[in-house]
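Quick note: the coordinates plus some simple rules give every number you see, no bench work behind them. All values derive from a computational prediction rather than experimental measurement. Cβ sites come from the backbone with ideal geometry, for glycine too, and all protein chains shown count toward neighbours.
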Amino acid sequence: MKISEILSRGGKAFPSLEIVPPLKGMTKDELIESIRPFMEFSPQYINVTCHRDEYEYREKPDGSYSRHLVRKRVSEVAVCGAIMSEFDIETVPHIICGGASAEEIESELHDLRFMGISNVMALRGDSIAGEKRFTPVQGGYRYASELVSAIRRFEQISRQETGIPGNGIAAKGKGDNPATFSIGVGGYPEKHFEAPNIETDIVNLKKKVDAGADYVITQMFFDNSVFYDFVGRCRAAGISVPIIPGLKPLSTARQVSSLPESFSLDIPVELTDAIKAAGDDREAVYRIGTEWCIMQCKDLLRHNIPAVHFYTMGRSRNIVEILKECF
């Protein structure tokens, strides 16, 4: 089932999850067992992130260097296949502009369609180390809005090849169309760090929706008022698709500085003061972060959001506690 169809049913809010593909060396069984604790709470789908390929340079006997591809993680497509083989749940692989040409992305879409995956998350992706600004590969896409448009074009061509009627974006979301994907995109309640202001960032988000995105999942935030303001701004700008809040509980004191640095977000003074007061008590910090996320989640549910998306970062203990309290 497509995520757009799940969201259109309405009803009680549900949880969804996001996992990071495991490092090579983890077995399929280990991956499945890391996910199993979440299943009793009936998450409707699992997002699987995508990481750019990395390269390293190795010195040759003559003193020159050769470039070698280094893949440290299992592919998101393989992870989706493993999850689907064990659980009756939708998977949402991330597709990123970074590091891939248009032809490579099209090949991945063919693979996903072959596997029966009808949901994708379309993202630009991060810059690689050493880049001041994101640079697409030759023949690739610079913006997520271009990627969304490309996916819709792929659908249209696929329909023509298979004889399925439809005209691209207008036909999206129809369950009887195997060539159609439900597309999610990212939103930034505190703006993307490259955007000059929140207004410009919302204009860019609308471009993604106008290109054919079905829903938005936000980056993590720790102040719900920021999310509510963001949704209000989006609606005023004409963005009408569902906007799903993304949450991640703090689990270590170090994240007070590392998360703002990595994601360009604010952490409320009340939360940072509580963690500072906990000092070196790691379990106390863990509890503070978990309870704060529970508070956020319950407040969001009172505001009738359709779903809550949890960034698990490969950990289950705190997420399971939050799901027990809220769902």
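With R₀ fixed at 25 Å, the C-beta to C-beta distance from residue 237 to residue 304 puts the FRET efficiency at about 0.75.
Arranged by the count of other C-beta atoms within 10 angstrom, fewest first, what order do 29, 201 take?
Taking fewest neighbouring Cβ atoms as first place, the list is 29, 201.
Mean silhouette area of region 178-219, derived from the convex hull of its C-alpha atoms and averaged over all directions, reads 3.1 nm².
Along region 81-92 the Karplus relation, 6.51 cos²θ - 1.76 cosθ + 1.60 evaluated at θ = phi - 60°, assigns HN-Hα couplings of x, 5, 5, 5, 6, 10, 10, 8, 8, 6, 10, 10 Hz to successive residues, with x for each Gly and Pro. Using the Cβ of residue 33 as centre and a radius below 15 Å, the other residues enclosed give a net charge of 0, where K and R count +1 and D and E count -1. Could you please report the charge total around residue 278, scoring K, R as +1 and D, E as -1 over all other residues with beta-carbon less than 15 angstrom from its beta-carbon? Summing Lys and Arg as +1 and Asp and Glu as -1 gives -2. The chain: percent of C-alpha pairs farther apart than 37 Å? Considering the chain, 16 percent of its Cα-Cα pairs are separated by more than 37 Å. Compare the Cα positions of 244, 92, 156 along the charge dipole of region 3-326 (+1 at Cβ of Lys, Arg; -1 at Cβ of Asp, Glu; about the Cα centre) and return the one farthest towards the positive end. Working it through, the farthest residue towards the positive pole turns out to be 156.
For the chain, what does the helix formula give at 222 nm: sum of -39500 (n - 2.57) over DSSP H segments with n ≥ 4, over the residue count, nearest 500 deg cm²/dmol?
On the way: 11 runs with 135 residues, N = 327.
Per the formula, -13000 deg cm²/dmol.
What is the calculated FRET efficiency for residue 315 to residue 84, with r their C-beta to C-beta distance and R₀ = 25 Å, to the nearest 0.05?
On the way: r = 22 Å, r/R0 = 0.89.
Calculated transfer efficiency: 0.65.
Remark: region 203-213, residue by residue, has Karplus-estimated 3J(HN,Hα) of 4, 5, 5, 4, 4, 5, 5, 5, 6, x, 5 Hz, where x stands for each Gly or Pro and the curve is 6.51 cos²θ - 1.76 cosθ + 1.60 at θ = phi - 60°. With the simple model of a label 7 Å out from the Cα in the direction of the Cβ, residue 138 to residue 282 spans 4.8 nm. Counting other Cβ atoms within 10 Å as a rough exposure proxy, the listed residues 64, 264, 225, 4 run 64, 225, 264, 4 from fewest neighbours to most. Our note on the geometry: Cα centres of region 300-325 and region 72-147, 24 Å apart.
Taking 265, 147, 23 as the candidate residues, the one with maximal mean-square fluctuation in a Gaussian network model of the chain, Cα springs under 10 Å, is 23.
In the neighborhood of residue 141, defined by Cβ-to-Cβ distances under 14 Å, what is the net charge if each Lys or Arg adds +1 and each Asp or Glu adds -1?
+2
For region 1-138, the ratio of Cα radius of gyration to the globular rule of thumb 2.2 N^0.38 Å stands at 1.24.
Placing +1 on the Cβ of every Lys and Arg and -1 on the Cβ of every Asp and Glu, with nothing else charged, gives the chain a dipole about its Cα centre of roughly 460 debye.
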